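Have a look at the structure below, then the notes.
The values are calculated or read from the model by the stated rules, or taken from the named source; none is laboratory data. Everything numeric in this text was worked out from a predicted model, so none of it was measured. Glycine also receives a Cβ, built like all others from the backbone with ideal geometry; neighbour counts cover every protein chain displayed. To get the accessible areas, we keep the full protein, side chains included, count just its heavy atoms, and leave off ligands, DNA and RNA. Shrake-Rupley method; radii C 1.70, N 1.55, O 1.52, S 1.80 Å.
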Amino acid sequence: MLRKGTAALMLALLMLAACQDRPSETLPGGSAENQDQVSGVDANDDIKARIDKVLAHPMRRESARENDAVRKPAQVMLFSGIKPGDRVLELEAMGGYYTEILSRFVGEDGHVIMQNPPSFDEFITPDVFRNLLGRDGERLPNVQHIRTNFDTL
């Protein structure tokens, strides 16, 4: 369940923080190739393992994997406190880099609302969403895409 709006705000702030250029560490047992992994963070080992599984998912887009070193999704997810089964509102989701991670992380009992304002239509084509969600939403069935401005949420 969305924690009174804090999960969305935290995620937005974390995405900004994840853009900082700092060296990253690898989770114990993680691969050297996935340099966005974290160690030394007080987090449940099950959550770390779930993050590893989400990031290594075979259906994950290659273009997303290429951004992992810069966007540091493991750190963002660990810091966010989002748990499997949660409902998450992702503000200005753009093309869905975090949407895919969030969808698989919260799992079939969770839900992700992917919000973009209508003004994004000029540079995010419908094909982007079809590639992310699938033709009928079958690729990420727990994701709902909404086109609305912040003041009408």
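Taking into account only those residues within region 75-94 that are under 16 Å from Pro141 (Cα atoms) and in contact with a helix residue (DSSP H, G or I) (Cβ under 7 Å, 6 or more places away or on another chain), which is surrounded by the fewest Cβ atoms within 10 Å (Cβ to Cβ)? Among those residues, the one meeting the criterion is Gly85.
Looking only at region 47-62, residues that are touching a helix residue (DSSP H, G or I) at 6+ places or on another chain (Cβ under 8 Å) and of a type in the set (A, V, I, L, M) come to 4 in all. Please tell me if Leu78 is in a helix (DSSP H, G or I) and either without any contact (Cβ under 8 Å) to a residue 12 or more places away in the chain or not aromatic (Phe, Trp, Tyr) (or both). Judged against the criteria, Leu78 is a match.
On the basis of being open to solvent by 30 Å² or more (accessible area, probe 1.4 Å), in contact (Cβ under 8 Å) with a residue 24 or more places away in the chain and touching a helix residue (DSSP H, G or I) at 6+ places or on another chain (Cβ under 9 Å), does Arg65 make the cut? Considered against the rule, which asks whether it is open to solvent by 30 Å² or more (accessible area, probe 1.4 Å), in contact (Cβ under 8 Å) with a residue 24 or more places away in the chain and touching a helix residue (DSSP H, G or I) at 6+ places or on another chain (Cβ under 9 Å), Arg65 comes out as no. When the criteria are applied in full, Asn149 fails the requirement of being polar (S, T, N, Q), closer than 19 Å to Ala64 by Cβ and touching a residue at least 24 places away in the same chain (Cβ under 8 Å). A count restricted to region 66-75 and to residues that are in a helix (DSSP H, G or I) and within 12 Å of the chain's Cα centre (by Cα) stands at 5.
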